[in-house]
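Step one of this worksheet: look at the structure below.
Throughout, read-outs are computed from the coordinates displayed, never taken from laboratory work. Keep in mind it's a predicted model, so treat the numbers as computed, not measured. Don't worry about glycine lacking a Cβ; one is built from the backbone with ideal geometry, like all the others, and counts go over all protein chains shown.
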Amino acid sequence: MGLNAGIISTGHSYPSGVLTNADLEKIVDTSDEWITSRTGIKQRRKAGSDEYTSQFAVKAARQALERAQIDASEVNLIVCATTSPDQILPSTGCLIQAELGANNAAAYDLFAACSGFLYGLTTVESMIRTGQIKYALVIGAEVLTKYVDYTDRSTCVIFGDGAGAALLAPVAADKGILATKIVSDGRFAEQLYSPGGGTRMGTTHETIDSGQHFFKMKGNELFKIAVRSMTSISQEILEKANYTTDDIKLFIPHQANQRITDAVAQKLGVNESVVYSNIEFHGNTSSASIPIALDECIQQGKIVEGDLILMASFGGGATWGATLVRF
């Protein structure tokens, strides 16, 4: 019998600091009603000034390893999906590796915005299936609140901080990742982007003073592309694996906006009872949103052995993807 790559354990972590809609009302021209009606968000976790991405990634990864009773030395690969690394060099993946003591693992960062976790699963899946590696950690980790402009109510109300991790290993061919696909279209780059800090604009007093390092978003345009893309790619991989939405135990979309989640579920014909949402409590944690939600579902008993789970994402780039997994 052949083997698939399966998620054998998960974990998640987030800061203790909480930024509520009431807190934001004191900072920017907004209201709880305005934020909730447009995003579904009531609060988001916010890292302190002395906290950074790899700290939360390490906690989530350790949790996943401990639950699987796997030592860090057995891990062959660490993929850290993030848009908010600790620093430019070295990669956050390497910093995580050192902190975990995973000295036998290769490690790197994957930059695909909110789709990063599913990009990571897709990348690792083939390496496990072909026998190149046995154990891999795929981590989505973000400290996005350090990249938002708290004078821009269209973006500062959305993003939160946290990390989620999944430990992957070979499983029987009728389980694990049954279908997965990732897509990107750079023509939509300026729908969600941060222009400063790279080699194009650099880091200067001028770029910092003009806010070029903050996230900038065209929300209305992004909404349409996100709904269309997440719907179509979800339908595609279900068809590829010979399943329908009726077979799904749980649909875990990227937690970008409650209206996006509702629209995608409606277009897919998925009953709202199988759609998982935690955006009310976490906001949009980009690449961390799906692994955090996945771990919450497992810990709450919403996922048990044999369940078929569909995950779908959309992020800046633009990037999108979907993964179908049987536990």
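When His213, His205, His254, His282 are ordered from fewest to most other Cβ atoms inside 10 Å of their Cβ, what list results?
In order of increasing Cβ crowding within 10 Å: His205, His213, His282, His254.
So if we plug the beta-carbon distance of Phe111 and Asp152 into 1/(1 + (r/R0)^6) with R0 = 25 Å, what FRET efficiency do we get, rounded to 0.05?
Working from the Cβ atoms, E equals 0.65.
Efficiency by 1/(1 + (r/R0)^6): what FRET value for Glu221 and Ser49, r their Cβ-Cβ distance, R0 = 45 Å, to the nearest 0.05?
The value I calculate is 0.85.
Compute the distance from the alpha-carbon center of segment 1-63 to that of segment 158-185, in whole Å.
Distance between centres, Cα-based: 18 Å.
Below 8 Å between Cα atoms, with a sequence gap of 6+, how large is the relative contact order for segment 190-327 in percent?
Answer for segment 190-327 is 27 percent.
How much FRET efficiency would the formula 1/(1 + (r/R0)^6) give for Asn104 and Ser31, where r is the Cβ-Cβ distance and R0 is 30 Å, rounded to 0.05?
That pair, Asn104 with Ser31, gives E of 0.05.
Could you give the length gained on full extension between Asn271 and Tyr193, defined as 0.36 nm per residue of separation minus the Cα-Cα distance, in nm?
Full-extension gain reported as 24.8 nm.
DSSP H helices in the chain with Cα extent of 18 Å or more along the helix axis and mean Kyte-Doolittle hydropathy at least -0.5? It would help to have the intermediate numbers written out before the result.
Working: long enough: 53-68 (23 Å, -0.32); 116-129 (20 Å, 0.62); 219-240 (31 Å, -0.07).
Helices passing the filter in the chain: 53-68, 116-129, 219-240.
For the chain, calculate the relative contact order in percent as a whole number, restricting contacts to Cα pairs under 8 Å that are 6 or more residues apart.
Dividing the mean separation by the residue count of the chain yields 26 percent.
Please say if the chain is rounded, prolate or oblate, where rounded means a/c under 1.5 for a ≥ b ≥ c the square roots of the C-alpha gyration tensor eigenvalues, and otherwise the choice is prolate for a/b larger than b/c and oblate otherwise?
Oblate is the answer for the chain, as a/c is 1.5 or above yet b/c matches or exceeds a/b.
Starting from the 7 Å offset along Cα-to-Cβ, what nm value, one decimal, do you get for the label separation of Ile208 and Thr130?
Once both label points are built, they end up 4.5 nm from each other.
Excluding same-chain pairs closer than 8 in sequence, count the lysine pairs in segment 200-314 whose Cα atoms lie under 29 Å apart.
12
Helix-only estimate, please: 222 nm mean residue ellipticity of the chain, summing -39500 (n - 2.57) across DSSP H runs of length 4 or more and dividing by its residues, to the nearest 500.
That comes out to -10000 deg cm²/dmol.
Within 10 Å, count the other beta carbons around each residue, average over each peptide in 236-247, 316-327, 88-99, and list them highest first.
Ranking, from highest mean packing down: 316-327, 88-99, 236-247.
What distance in nm separates the simple spin-label points at Ser16 and Ile88, each placed 7 Å from Cα in the Cβ direction?
Roughly 3.4 nm, to one decimal.
Assuming 0.36 nm per residue, please report the length gained on full extension of the stretch Ala241 to Asp262 beyond their Cα-Cα distance.
Contour length minus the Cα-Cα distance gives 5.2 nm.
For segment 1-26, list residues with backbone N below 15 Å from a point placed 7 Å from the Cα of Glu74 toward its Cβ?
Answer for segment 1-26: 6-10.
Run down the aspartates and glutamates and flag those whose C-alpha is under 12 Å from the C-alpha of Lys146, throwing out any fewer than 8 positions away in its chain.
Asp50, Glu51, Asp86, Asp161
Compute, for the chain, the length of the dipole vector about the Cα centre, with Cβ point charges of +1 (Lys, Arg) and -1 (Asp, Glu) only. Units Debye, rounded to 20.
Using only the charged Cβ atoms, the result is roughly 480 debye.
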